[in-house]
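The values are calculated or read from the model by the stated rules, or taken from the named source; none is laboratory data. Bear in mind that the values here come from a model prediction, so they are computed numbers and not experimental data. Methodologically, a virtual Cβ is constructed for each residue, glycine included, from the backbone with ideal geometry; neighbour enumeration extends over all protein chains shown.
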């Protein structure tokens with residue numbers, strides 16, 4: 001009977017640590033199953049229409065210049081000439097695509113009672129420079145001193 005009692009004590013795992021060199025105890029068993037499921041985080045409700053602008057057509061709040069009001073005849077091929085008017089005609093917005101190493105800038109030029117000039121500059125990479133082949137749509141706002149109104153908008157190439 002003492003042998004049986006001794007084996008039960010050795011296998012019971014409830015008491016003393018095993019004796020002897022190199023002996024170790026296994027780590028206690030733990031459960032990886034969560035006892036409670038966390039509730040999902042509530043999403044914020046939208047506070048109005050999205051703040052992005054459409055990529056085609058006239059953006060909301062902007063207007064297209066009247067037919068024949070834009071003179072882009074001086075611009076070289078490939079220069080942007082897609083234009084809308086914002087803030088009641090006080091801002092000319094040039095819509096363009098930049099790619100790789102190309103960079104487009106626009107600035108107000110001379111303004112008279114008959115016309116407003118916007119200078120468009122396209123900077124290209126030096127010949128032989130490797131450039132990534134990706135396209136970015138950009139909108140270049142150009143503030144005028146006075147709203148365009150019935151004046152002609154003249155687009156000219158920059159230096």
Q.
Among the residues in region 134-144, are any over 19 Å from the mean Cα position of the chain (by Cα), on the phi < 0 side of the Ramachandran plot and exposed (fewer than 13 other Cβ atoms within 10 Å of the Cβ)?
A. yes
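Would you pick out the residues in region 73-102 that are part of a loop (DSSP other than H, G, I, E, B) and under 15 Å from residue 151 (Cβ atoms)? Please lay out each step first, then the result.
Start the filter on region 73-102 by keeping residues that are part of a loop (DSSP other than H, G, I, E, B), which leaves 73-81, 90, 100-102.
Within region 73-102, just 90 meets the criteria.
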Q) Given the structure, is residue 112 in contact with a strand residue (DSSP E or B) (Cβ under 9 Å, 6 or more places away or on another chain) and on the phi < 0 side of the Ramachandran plot? A) no
Q: Specify which of the listed residues (82, 71, 102) is more than 20 Å from the chain's Cα centre (by Cα), surrounded by 10 or more Cβ atoms within 10 Å (Cβ to Cβ) and at pLDDT below 95.
A: 82
**Q.** Residue check for residue 62: within 14 Å of residue 158 (Cβ to Cβ), at pLDDT below 90 and within 23 Å of the chain's Cα centre (by Cα)
**A.** no
